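Worksheet: the structure to be examined is printed underneath.
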Amino acid sequence: MKVPLLNLKVQYEAIKDEIDQAVAEVFVSQQFINGPQVVELEKAVAEYSGCAHGVGVSSGSDALLIALMAEDIGPGDEVITTPYTFFATAGAIARVGAKPVFVDIDPDTFNINPNLIEQAVTERTRAIIPVHLFGQMADMDPIMDLVHSLNQKPKTKNQKPTIVIEDAAQAIGAEYKGRRAGSIGDYGTFSFFPSKNLGGAGDGGLVVCQDAERAERLKILRNHGSMPKYFHKFIGGNFRLDTLQAAVVLAKLKYLDAWTVARQEHARVYRESGLSENRIMLPKECMDRHIYNQFVIRCQDRDGLKRHLADKDIGTEVYYPLPLHLQECFAYLGYSQGAFPQAELAAQESLALPIDPLLSAAMLEYVVFTINQKPTIKNQQPE
Ligand SMILES: *Cc1c(COP(=O)(O)O)cnc(C)c1O
């Protein structure tokens, strides 16, 4: 048997007629830029996420970038985030000329540890970007409380308030104390990269926010800062979401909840399969609604396990093998090995198992069987 990490071909076959029709409609209209599907998707995702406004953009990376641009964050500013995330989170900070400041993760959730944020705050801190990694939200209450208290303090001249951008690229529909990913911070950013829970047919993304003025500014910025046409208020860029992508994502949105339930069901199967007895640490569910963009286990002999599964045709992936503070391009920030021990350990031990909603019961059983077959998985250190 072969078990792929992602099963997108099967997904397409299951809903081919609807996708093909959505694409055909865009071709008939020839409105490839700013077509009605873009507006429709913006409304639908905003509503799905408990937000007042949605602004479609060209990718999840550009969603982060444009949110930072909308707040005029740039040289001289610092932005706090996690070193254990996809590159784009910190890449966007550096792209606007600001300085990424990393804070270690909570090993239970792989998300930024809110207790360590305050000591990283300086008077230059303009934003915090918590990432809801693998589909589980970061612990938002202490983060919002901290930002609130920072913004209460008297400011030095020209000092602007600190904001929160939720990187929800992996967490559309995830919940924290009844609130959805993207709805708690000042901005939330989503990605429609094909491997995300709601993936398009290429690149795409969306920014949500509760504030009408912010939404308006994002719309101007994604279109070269032009308002009205050919009169440029800001220096923006071309960060538009293609109508074709919006049409495909819109067609898939109505399946998202069913797919999420299937992912959660797969997670339950893994949990009840006796995997943890085989000296693997299963992901902890600490927040309300984990949407399992990835099912990430920890194992001391991670590389050995990955090889063993690859030999048996089971797809896995390491998210992420090198934390961002140790990336060559961030050497100028001056972090060294050991700076963030939990992120570094996670990078050595984590392995994503197949959790695609359309995997069969037999496939999951085969994954469990194959993992349990490997006798040499070493035990975790007691915590
Ligand atoms: C995928 C992802 C992004 C970037 O999204 P793209 O659409 O690929 O640009 C940003 N942050 C996180 C955490 C992601 O997983």
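The values are calculated or read from the model by the stated rules, or taken from the named source; none is laboratory data. Keep in mind that what you see is a predicted model, and the values were worked out from it rather than measured. Positions of Cβ are generated from backbone atoms using ideal geometry, with glycine treated the same way; all protein chains shown enter the neighbour counts.
Among the residues of segment 280-287, are any outside the structural domain of Gly225 (by TED's automatic domain parsing) and in a helix (DSSP H, G or I)? Looking through segment 280-287, none of the residues is outside the structural domain of Gly225 (by TED's automatic domain parsing) and in a helix (DSSP H, G or I).
Taking segment 27-103 and the strands (runs of 3 or more DSSP E) fully enclosed by it, the elements with 3 or more residues that are touching a residue at least 40 places away in the same chain (Cβ under 8 Å), within 15 Å of the ligand (Cβ to nearest atom) and crowded, with 19+ Cβ neighbours inside 10 Å are at 53-57. The residue list Arg217, Arg271, Arg240, Arg222 contains one member that is over 17 Å from Ala63 (Cα atoms) and basic (Lys, Arg), which is Arg271. Note on segment 215-234: residues that are outside any loop (DSSP other than H, G, I, E, B) and farther than 25 Å from Gly185 by Cβ total 2. Whenever a residue of segment 187-202 is within 9 Å of the ligand (Cβ to nearest atom), its partners that are among the polar types (S, T, N, Q) and in a loop (DSSP other than H, G, I, E, B), lying with C-beta atoms within less than 9 angstrom and at least six residues away or across chains, give the pairs Phe190/Ser49; Ser191/Ser59; Ser191/Gln170; Phe192/Ser59; Phe193/Ser59; Ser195/Asn293; Lys196/Gln170; Lys196/Asn293.
Would you be able to say whether some residue in segment 111-119 is closer than 18 Å to Ala347 by Cβ and away from the ligand (no atom under 15 Å from the Cβ)?
Looking for residues that are closer than 18 Å to Ala347 by Cβ and away from the ligand (no atom under 15 Å from the Cβ), one finds at least one in segment 111-119, hence yes.
Out of Phe134, Phe110, Phe102, one residue alone is in contact with a strand residue (DSSP E or B) (Cβ under 9 Å, 6 or more places away or on another chain), within 30 Å of Glu13 (Cβ to Cβ), at pLDDT 95 or above and aromatic (Phe, Trp, Tyr). It is Phe134.
Please work out which residue is surrounded by the most Cβ atoms within 10 Å (Cβ to Cβ), limiting yourself to segment 319-337 and to residues that are touching a helix residue (DSSP H, G or I) at 6+ places or on another chain (Cβ under 7 Å) and closer than 28 Å to Ser276 by Cα. Among them, the one singled out is Pro323. Can you find even one residue in segment 311-323 that is of a type in the set (Gly, Ala, Ser), away from the ligand (no atom under 16 Å from the Cβ), at pLDDT 95 or above and closer than 16 Å to Thr370 by Cα? Yes: one or more hits.
Each row is one residue, and each column tells you yes or no for (1) without any contact (Cβ under 8 Å) to a residue 24 or more places away in the chain; (2) closer than 25 Å to Pro375 by Cα.
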| residue | (1), (2) |
| --- | --- |
| Met227 | yes, no |
| Gln264 | no, no |
| Asp288 | no, no |
| Asp301 | no, yes |
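Identify, please: which residue in segment 173-185 is in a loop (DSSP other than H, G, I, E, B) and in contact (Cβ under 8 Å) with a residue 60 or more places away in the chain and is, among those, nearest to Gln11 (Cα to Cα)? Show your work before the answer.
So in segment 173-185, the residues in a loop (DSSP other than H, G, I, E, B) come out as 173-174, 177-178, 181-185.
Still in the list and also in contact (Cβ under 8 Å) with a residue 60 or more places away in the chain: 173-174, 177-178, 181-183.
On the way: Gly173: 19, Ala174: 21, Lys177: 31, Gly178: 29, Ala181: 24, Gly182: 26, Ser183: 28 Å.
For segment 173-185, the residue satisfying everything is Gly173.
Among the conditions (1) surrounded by 13 or more Cβ atoms within 10 Å (Cβ to Cβ); (2) closer than 22 Å to Val3 by Cα, Asp313 misses just one, which is (1). Please go through segment 219-234 and pick out each residue that is more than 16 Å from the ligand (Cβ to nearest atom) and at pLDDT 95 or above. Result: Lys219, Ile220, Leu221, Asn223, His224. Filter segment 126-174 for residues that are hydroxyl-bearing (Ser, Thr, Tyr) and surrounded by fewer than 14 Cβ atoms within 10 Å (Cβ to Cβ); which is farthest from the ligand (Cβ to nearest atom)? Restricting to residues being hydroxyl-bearing (Ser, Thr, Tyr) and surrounded by fewer than 14 Cβ atoms within 10 Å (Cβ to Cβ), the top hit is Thr156. The residue pairs whose first member lies in segment 328-351 and is over 14 Å from Phe102 (Cβ atoms), whose second member is assigned to a helix (DSSP H, G or I), and whose beta carbons are closer than 8 Å, counting only pairs six or more residues apart or on different chains, are Gln348/Arg302; Glu349/Arg302; Ser350/Arg302; Leu351/Arg302; Leu351/Leu305; Leu351/Lys306.
Residue by residue, here is whether (1) more than 14 Å from Val3 (Cβ to Cβ); (2) outside any loop (DSSP other than H, G, I, E, B) holds:
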position: Gln300; (1), (2): yes, no
position: Asp303; (1), (2): yes, yes
position: Ala331; (1), (2): yes, yes
position: Ala339; (1), (2): yes, no
position: Ala347; (1), (2): yes, yes
position: Ala362; (1), (2): no, yes
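Among the residues of segment 235-268, the ones that are part of a loop (DSSP other than H, G, I, E, B) and in contact with a helix residue (DSSP H, G or I) (Cβ under 6 Å, 6 or more places away or on another chain) come to 3 in all.
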